[in-house]
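Novice: My structure is below; once you've seen it, I'll send some questions.
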Amino acid sequence: QVQLVESGGGLVQAGGSLRLSCAAAGNTLSINVMVWYRQAPGKQREWVALIDPSGTTDYADSVKGRFTISRDTAKNTLYLEMNSLKLEDTAVYYCNRLNRPFPWGQGTQVTVSS
């Protein structure tokens, strides 16, 4: 099973930026549709951004224009650049593949303060 390790979260003021990373093994990122998800307290997990093997990306409406998903296949790392952060972006962020998800990692906490 592939292990996914998310990092880069933290406490940031509204309007600030963070870059999240997701380390994966082998060629995981180049052959799968990879997704960043988030789960806020008391809410269901939701998708935020995805990137397919060709590099095509898509974003949830709530983050479009503010977040950018990318990957570095040489480093086996998926990224999520988050700008203009809002209070409602506060959540635990996870990465996984779209189809037949791997075991979920521990996620990384993002807290946006006013």
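The values are calculated or read from the model by the stated rules, or taken from the named source; none is laboratory data. Because the structure is predicted, anything quoted here is derived from the model rather than measured. Counting neighbours? That spans all protein chains shown, and the Cβs are built from the backbone with ideal geometry, glycine included. When the accessible area is computed, the model is the full protein with side chains, heavy atoms only, and any ligands, DNA or RNA have been set aside. Shrake-Rupley method; radii C 1.70, N 1.55, O 1.52, S 1.80 Å.
Novice: Only residues that are aliphatic (A, V, I, L, M) and in contact with a Cys (Cβ under 7 Å, 6 or more places away or on another chain): list them for region 75-104, please.
Specialist: Leu78
Novice: A follow-up question, please. In region 87-114, what residues are touching a residue at least 40 places away in the same chain (Cβ under 8 Å) and assigned to a loop (DSSP other than H, G, I, E, B)?
Specialist: Of everything in region 87-114, those that are touching a residue at least 40 places away in the same chain (Cβ under 8 Å) and assigned to a loop (DSSP other than H, G, I, E, B) turn out to be Thr90, Leu98, Asn99, Phe102, Pro103, Trp104, Gly105, Gln106, Gly107, Ser114.
Novice: In this structure, does Ser30 turn out to be surrounded by fewer than 17 Cβ atoms within 10 Å (Cβ to Cβ), polar (S, T, N, Q) and not in a loop (DSSP other than H, G, I, E, B)?
Specialist: When the stated conditions are applied, Ser30 passes them.
Novice: Can you tell me which residues in region 52-77 are among the small types (Gly, Ala, Ser), open to solvent by less than 50 Å² (accessible area, probe 1.4 Å) and over 13 Å from the mean Cα position of the chain (by Cα)?
Specialist: Our first condition is that a residue be among the small types (Gly, Ala, Ser); within region 52-77, this holds for 54-55, 60, 62, 65, 70, 74.
Keeping just the survivors that are open to solvent by less than 50 Å² (accessible area, probe 1.4 Å) gives 55, 60, 70.
Scanning region 52-77 gives a single hit, Gly55.
Novice: So Val2 fits all but one of (1) more than 12 Å from the chain's Cα centre (by Cα); (2) among the β-branched types (Val, Ile, Thr); (3) closer than 15 Å to Met82 by Cβ; what number is the exception?
Specialist: Only one criterion is unmet by Val2, namely (3).
Novice: I've got another one for you. Take the residues in region 78-114 that are in contact with a Leu (Cβ under 9 Å, 6 or more places away or on another chain) and of a type in the set (A, V, I, L, M); name whichever of them is most open to solvent (accessible area, probe 1.4 Å).
Specialist: Leu98
Novice: On to the next question. Can we say Ala40 is surrounded by 13 or more Cβ atoms within 10 Å (Cβ to Cβ), modelled with pLDDT of 95 or more and in contact with a Lys or Arg (Cβ under 9 Å, 6 or more places away or on another chain)? Write out each step before concluding.
Specialist: Values: surrounded by 13 or more Cβ atoms within 10 Å (Cβ to Cβ): yes; modelled with pLDDT of 95 or more: yes; in contact with a Lys or Arg (Cβ under 9 Å, 6 or more places away or on another chain): no.
Criteria not met by Ala40.
Novice: Going through Asp52, Asp89 one at a time, which residue ends up being of a type in the set (Asp, Glu) and closer than 23 Å to Val112 by Cβ?
Specialist: The conditions single out Asp89.
Novice: Note down all Cβ pairs under 9 Å where the first residue falls in region 66-78 and is in contact (Cβ under 8 Å) with a residue 24 or more places away in the chain, the second is of a type in the set (Lys, Arg) and open to solvent by 30 Å² or more (accessible area, probe 1.4 Å), and they're at least six residues apart or on different chains.
Specialist: Here the result reads Thr77/Arg71; Leu78/Arg71, each pair linking region 66-78 to a residue that is of a type in the set (Lys, Arg) and open to solvent by 30 Å² or more (accessible area, probe 1.4 Å).
Novice: So which of Asn76, Asn99 is under 17 Å from Leu4 (Cα atoms) and touching a Gly at 6+ places or on another chain (Cβ under 8 Å)?
Specialist: Asn76
Novice: Condition test on Leu29, is it hydrophobic (A, V, I, L, M, F, W, C), under 19 Å from Phe102 (Cα atoms) and under 9 Å from the mean Cα position of the chain (by Cα)?
Specialist: Judged against the criteria, Leu29 is not a match.
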